[in-house]
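Enquirer: Okay, here's the structure, questions in a sec.
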Amino acid sequence: MEKLFYLFIALVVPAAVLAAEDINKQVDKTPKEQPALTDKQDDGKQGKPVALALDPQKFEFVRTNLVSTFYHELAHALIDMMDLPVLGQEEDAADVFSVVVIEQLFKSQEALAINSGGAMGFKVDADDRMGKGREWDWADEHGPDMQRYYNIVCLTYGSNPENRSEFAEKMGLPLERAEYCNGEYDLAKHGWDPIIKRIEDAKSGEPVSFHQSARTALQQRAAEVIEAEVKLVNEKFNLPKRLRVTVKRCSRGSNMYAFYSSSRHKITVCTNYIDELYRTAPK
Ligand SMILES: [Zn+2]
């Protein structure tokens with residue numbers, strides 16, 4: 001049992017305690033110094049984004065990571081807006097939510113693609129860090145990238161172990177962990193299902209709004225991916241408070257990935273993150 005409990009949701013810390021002025025919940029990754037722009041910029045005026053032929057495989061990595069990240073951030077928003085108790089690290093709870101809700105919202109193959117892509121995002125970051133000989137920041141509020149990778153892989157496998165042994169093998173999930181994954185997934189569902197049901201059953205609520213200021217063809221297509229998820233959330237759920245989602249360029253020095261602001265009830269997905277995903281997508 002020891003193996004199970006570290007993963008799961010829900011400390012007894014009300015989110016309101018954490019919600020001092022504008023605590024931004026970084027998504028997934030620690031900030032980096034340099035934004036990485038892969039696409040050509042347009043002229044910066046009102047012109048249309050430059051039409052570029054995007055590499056479909058690389059864009060698939062961008063797409064799956066953005067969807068996974070969006071639901072991770074939605075978890076932070078729900079924890080805050082619904083004042084949910086969180087038993088464990090909130091960042092872990094948000095990762096767990098993203099896997100569970102994705103498995104619920106999408107057909108098995110698509111859920112597998114998204115969760116698998118989200119996991120790979122962490123592996124790519126971990127490999128990059130190791131390649132540069134940089135040690136993990138052990139004081140970071142997020143778990144180490146490779147642990148987040150294995151946690152997502154384990155839950156994704158555990159949601160459907162009969163049909164996903166090939167996936168587990170391909171992702172290098174050790175057998176000793178794999179045998180617990182179905183139980184881990186059940187526990188994750190047990191934690192999040194009642195919350196998901198509450199927003200599903202709510203008769204009325206506030207719509208999630210979407211804005212974007214994409215500047216390149218890549219960012220434009222990526223923004224459409226996020227917009228589609230906002231639409232899906234509005235179709236399936238009713239949230240108790242108004243949530244805004246925006247895709248925009250984030251300033252240097254801030255988290256340049258994605259984050260939830262509790263003071264603004266706003267999820268920001270940085271275009272810097274979109275560019276970085278495309279640049280680092282595995283071949
Ligand atoms: Zn987070």
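The values are calculated or read from the model by the stated rules, or taken from the named source; none is laboratory data. Everything numeric in this text was worked out from a predicted model, so none of it was measured. For neighbour counting, all protein chains shown are included, and Cβ atoms are generated from backbone atoms with ideal geometry for every residue, glycine included.
Enquirer: Just checking, which of 243, 239, 173 is under 21 Å from residue 64 (Cβ atoms) and touching a helix residue (DSSP H, G or I) at 6+ places or on another chain (Cβ under 7 Å)?
Expert: Going through 243, 239, 173 in turn, the sole match is 173.
Enquirer: Next up: With the requirement that a residue be at pLDDT 95 or above, among the charged types (D, E, K, R) and out of contact with any Pro (no Cβ under 8 Å at 6 or more places or on another chain), what does region 43-101 give you?
Expert: Across region 43-101, the qualifying residues are 55, 58, 60, 63, 73, 80, 90, 91, 92, 95.
Enquirer: Mind listing just one residue for me: the one in region 25-42 that is over 16 Å from residue 152 (Cβ atoms), within 16 Å of the ligand (Cβ to nearest atom) and not basic (Lys, Arg) and, of those, modelled with the highest pLDDT?
Expert: Here the answer is 26.
Enquirer: Within the set of pairs 6+ apart or on separate chains, which have a first residue in region 136-164 that is modelled with pLDDT of 95 or more, a second that is among the basic types (Lys, Arg) and more than 16 Å from the ligand (Cβ to nearest atom), and C-beta atoms under 6 Å apart?
Expert: 149/123; 154/177; 157/164
Enquirer: Kindly provide the set of residues from region 231-254 that are of a type in the set (Lys, Arg), closer than 17 Å to residue 76 by Cα and outside any loop (DSSP other than H, G, I, E, B), ordered by number.
Expert: Passing the criteria: only 244.
Enquirer: Go through (1) part of a loop (DSSP other than H, G, I, E, B); (2) within 15 Å of the ligand (Cβ to nearest atom); (3) in contact (Cβ under 8 Å) with a residue 60 or more places away in the chain; (4) not acidic (Asp, Glu) and name the single condition residue 54 misses.
Expert: Status for residue 54: all satisfied but (2).
Enquirer: Given the structure, is residue 189 closer than 30 Å to residue 53 by Cβ, in a helix (DSSP H, G or I) and under 18 Å from the mean Cα position of the chain (by Cα)?
Expert: no
Enquirer: Taking the condition of being buried (at least 22 other Cβ atoms within 10 Å of the Cβ) and either within 16 Å of the ligand (Cβ to nearest atom) or in a loop (DSSP other than H, G, I, E, B) (or both), how many residues in region 263-276 meet it?
Expert: 5
Enquirer: It is to be established whether one or more residues within region 191-211 are acidic (Asp, Glu), modelled with pLDDT of 95 or more and within 17 Å of residue 63 (Cβ to Cβ).
Expert: No; the residues of region 191-211 include none that is acidic (Asp, Glu), modelled with pLDDT of 95 or more and within 17 Å of residue 63 (Cβ to Cβ).
Enquirer: Can you tell me which residue among 185, 257 is farther than 24 Å from residue 80 by Cβ and in contact (Cβ under 8 Å) with a residue 12 or more places away in the chain?
Expert: Testing whether each residue is farther than 24 Å from residue 80 by Cβ and in contact (Cβ under 8 Å) with a residue 12 or more places away in the chain leaves just 185.
Enquirer: Consider region 239-255. How many of its residues are within 15 Å of the chain's Cα centre (by Cα) and either within 15 Å of residue 215 (Cβ to Cβ) or within 14 Å of the ligand (Cβ to nearest atom) (or both)?
Expert: Final tally of qualifying residues: 3.
Enquirer: Could you list all residues from region 65-89 that are more than 19 Å from residue 241 (Cβ to Cβ), more than 10 Å from the ligand (Cβ to nearest atom) and β-branched (Val, Ile, Thr)?
Expert: Correct list: 67 only.
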